[in-house]
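Following: one structure in structure tokens, then a few remarks.
The values are calculated or read from the model by the stated rules, or taken from the named source; none is laboratory data. Not measured: the values here are computed from a predicted model. Note: areas computed on protein heavy atoms with side chains; ligands, DNA, RNA excluded. Shrake-Rupley method; radii C 1.70, N 1.55, O 1.52, S 1.80 Å.
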Amino acid sequence: MSSKPFQIVLYGRPGCHLCDQVEQLILLLREEFPLELRLVNIEKDPALHERYMFVIPVVEIDGEEVFPSVTHVVTWEELHAELAKRAARKTGRKSR
């Protein structure tokens, strides 16, 4: 697996239990994948608040918005599959 960590941004707000839940899922994945997590409080930026207020938590991986919570909140399985696919692309291997 590549040693370059995935850059993950989690957009949310304080007091959002779904945001806290997704943060914990990402931290669990840190045991298997190299990653750096940055938490962004959308309430500190009016443009981000306007953009994400109805779809948080939102997960961005390596600059790409991958999991907005439009119809459901991302699961551990979905996050794992996405990181495995991206890791395989980095190393040239097929993901499972």
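Key figures for this structure:
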| item | result |
| --- | --- |
| Degrees separating the helix 17-29 axis from the principal Cα axis of the chain, which is the longest one | 20 |
| Pairs of lysines in the chain (C-alpha under 25 Å apart; 8 or more residues apart or interchain) | 4 |
| Share of carbon and sulfur in the accessible heavy-atom surface of the chain [1.4 Å probe, %] | 52 |
| Expected 222 nm ellipticity per residue - DSSP helices of 4 or more, -39500 (n - 2.57), all of the chain, to 500 | -11500 deg cm²/dmol |
| DSSP-defined antiparallel bridges as percent of all bridges, the chain, nearest 5 | 55 |
| In degrees, nearest ten, helix 76-91 long axis to first principal axis of the chain (Cα) | 50 |
| The chain, accessible area per residue, ligands and nucleic acids excluded (1.4 Å, Å²) | 63 |
| Over the chain, relative contact order from alpha-carbon pairs under 8 Å, at least 6 apart, % | 33 |
